[in-house]
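Trainee: Quick one: the structure is below, and I'll ask about it shortly.
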Amino acid sequence: MKITGIEAWPVSMRLKEPYTIAYETIESTTNIFLRLETDKDIVGFGCAAPDLQITGETPESVLQAMDNVISPSIKGSDPLRRAMLIERLTPQLKSQSSALAAVDMALHDILGKVSGLPLWKLLGGFRDRIRTSVTIGILPEQETVIRAQEFVAQGFKSLKLKGGIDVDSDIARILKVREAVGPETELRFDANQGFTVEQALKFVQKTRTARLELIEQPTPKGHPDLLGRVTSSVSLPVMADESLMTLRDAFRLARRDLVDMVNVKLMKVGGISVALQINSVARSAGFEVMVGCMDEAALSIAAGLHFALARPNVLYADLDGHLDLMDDPSQGAVLLRKGILFPTEKPGLGFDLSS
């Protein structure tokens, strides 16, 4: 089998409702879709979600990488030699993790289609569904409560609140949401690097009665010691997100026991192949794993879902980046029922699209 054609194209999608996190407000996103054709009439699909703040990429830089690096490197190659192709591309795409993720995704899609199996079964097949949290951006207190109640009414059992701009406001919102949704709904909090150590400790202490499930990336990513100070000072599980970009980051966090949990996003780390390696490091260190996402089309969310379903220590999912996107060409690549995500059960990633 050989790769005979490579096509990449951008799709801009507006969000039904913009949302705010600690360092920006998001109103729209552009994903790059990838199509790998083979001489056996099997086609693999991938998706990149570049983010200048997180991955350092733009849609334009991803398209350039597709034309100038990826296409000449893999065209004519056997797509089933995935490890060889990813190893060849990785040094050339050190600053293009979402572009690498799209290729890795498409190669895994081809593998599943050749095998006639959904990817999650090929990768391990530990579970066939997983609960996802749904995110509430930074909103005024009453609007936050209303949004939380709406999501619970839709069947979501896990809510993630964004914060990190004003610790006192964050504390008040968490307490009000807990009061509004009752004790059964899981609550998570993501500061997106917005806290000092002192603010993080204050937040954890003042929200103790809300029984949060975890706090995500409370301190700036460039200062891992600060993250470690929070972890060692609180009983609430602390999760690394922006501090985990590479396999080496995972090793550093594990070696010094700086966190309790890690958030693995395919766009950050470069795809499923590296995510599986990071997951092994996390498991050896006793870290629990969440599979997360950015503003990603459903096809990309499907890749994260297949990874999550395959491995036993991927206990948490935050795969809601597609829910608010308008005109997503891959809508239907995952199935959502009352806050639970299911794969489509078709081979590979489970969804085909056309450009």
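Every number here is computed from the coordinates shown, using simple stated rules; none is lab data. Fair warning: this is a prediction, and the values are worked out from it, not measured in the lab. No Cβ is skipped: glycine too gets one built from the backbone with ideal geometry, and neighbour counts run over all protein chains shown.
Trainee: For the chain, what does -39500 (n - 2.57) per DSSP helix run (n ≥ 4), summed and divided by total residues, give at 222 nm, in deg cm²/dmol to the nearest 500? Present the calculation step by step, with values, prior to reporting the outcome.
Mentor: On the way: 13 runs with 131 residues, N = 355.
About -11000 deg cm²/dmol.
Trainee: Also: Report the calculated FRET efficiency for D257 and K75 (r = Cβ-Cβ distance, R0 = 45 Å), to the nearest 0.05. Can you show the working numbers first?
Mentor: Numbers: r = 44 Å, r/R0 = 0.98.
The pair D257/K75 has a calculated efficiency of 0.55.
Trainee: Size of the dipole of segment 152-300 about the Cα centre, Lys and Arg at +1 and Asp and Glu at -1 on the beta carbon, nothing else charged, in debye to 20?
Mentor: Rounded to the nearest 20 debye, it is 200 debye.
Trainee: Please give the net charge around L111, taking every other residue with its beta carbon less than 13 angstrom from that of L111, where Lys and Arg add +1 and Asp and Glu add -1.
Mentor: Overall, the nearby charge balance is +2.
Trainee: Right, here's the next one. How far apart, in nm, are the 7 Å Cα→Cβ label points at D327 and S354?
Mentor: Distance between label points: 1.8 nm.
Trainee: Using label points projected 7 Å from each Cα along Cα→Cβ, tell me how many nm separate R131 and W9, to one decimal.
Mentor: Distance between the two pseudo-spin positions: 4.0 nm.
Trainee: Roughly how tilted is helix 141-153, in degrees to the nearest 10 and between 0 and 90, from the longest Cα axis of the chain?
Mentor: In the chain, helix 141-153 runs at an angle near 60 degrees to the longest axis.
Trainee: Could you put F351, F307, F342 in order, starting from the residue whose Cβ has the fewest other Cβ atoms within 10 Å? Mind showing how you got there, number by number?
Mentor: Working: F351 20, F307 26, F342 15.
Starting with the residue having the fewest Cβ neighbours, the order is F342, F351, F307.
Trainee: Using only C-alpha atoms and all pairs of different ones, pull out the Kirkwood radius for segment 3-116 in Å with one decimal.
Mentor: Value: 14.7 Å, from the Cα pair sum.
Trainee: Can you grab the distance from the C-alpha centre of segment 154-223 to the C-alpha centre of segment 1-37, Å, no decimals?
Mentor: The two parts, judged by their Cα centres, are 29 Å apart.
Trainee: Between [x] -0.43, -0.55; [y] -0.28, -0.36; [z] -0.31, -0.41, which entry matches log10 I(q)/I(0) by the Debye sum over Cα atoms at q = 0.07, 0.08 Å⁻¹ as derived from the coordinates of this structure?
Mentor: The listed entry that was calculated here is [y].
Trainee: How high is the relative contact order of segment 304-355? Use alpha-carbon pairs under 8 Å, at least six apart in sequence, and give a whole percent.
Mentor: Numbers: 34 pairs, mean separation 15.6, N = 52.
Computed over segment 304-355, the figure is 30 percent.
Trainee: Distance in nm between label sites at L315 and A153, each 7 Å beyond Cα in the beta-carbon direction?
Mentor: 3.3 nm
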